[in-house]
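Worksheet for the structure shown next.
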Amino acid sequence: MTINKRKKNTRFRGHKTHGWGAKKKHRGSGHRGGRGMAGSGKRADTKKPSLWKDLDYFGKHGFISKTPKVKITPINISFIEQHLDKFLTEKSSKENSHSIDLEKFGFNKLLGDGRVSMKFKIKVPYASKTAVEKVKEAGGEVTGLIEIKK
């Protein structure tokens, strides 16, 4: 065991390459074209076969919509018919129709599954064509609809 060991960095003072051969070698990540997946472009054909399996690596994919997304929470006419006592807000005696505001109950789309047996005045932002037709056939109406631009 030697007590007076000389520092390694003093041995390379005055030597250009510090024991790595040519000047170009051992310069850092630039020597190998970058870090990680860098340098897998035109010239680095050795990396390409490992990237072919990753289909999302090359090219652009999809787009980001500028319009805000509306989370649809639908409800069927049949469900309203079955649970009518929960949905009734006010009953008008003149027309004998039931007024229902579906947004108060957390629904924003009316779907047309089921039969309509009585008059409904349903306020909802979205509704399918069949749902609107079925409510109108029974003598009711669907209000508060938002037009969807296509």
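The values are calculated or read from the model by the stated rules, or taken from the named source; none is laboratory data. Just so we're clear, the structure is a prediction, and the values are computed from it rather than from any experiment. In this analysis, Cβ positions are derived from the backbone assuming ideal geometry, glycine residues included, and neighbour counts consider all displayed protein chains.
Restricting Gly34, Gly41, Gly30, Gly19 to those that are modelled with pLDDT of 75 or more and not in a strand (DSSP E or B) reduces the list to Gly19. Residues in segment 80-90 include at least one that is in a helix (DSSP H, G or I), at pLDDT 85 or above and crowded, with 16+ Cβ neighbours inside 10 Å.
Okay, residues lined up against (1) surrounded by 14 or more Cβ atoms within 10 Å (Cβ to Cβ); (2) out of contact with any Leu (no Cβ under 7 Å at 6 or more places or on another chain); (3) polar (S, T, N, Q):
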{"position": "Ser97", "(1), (2), (3)": "yes, yes, yes"}
{"position": "Lys104", "(1), (2), (3)": "no, yes, no"}
{"position": "Pro125", "(1), (2), (3)": "yes, no, no"}
{"position": "Thr130", "(1), (2), (3)": "no, yes, yes"}
{"position": "Ile148", "(1), (2), (3)": "no, yes, no"}
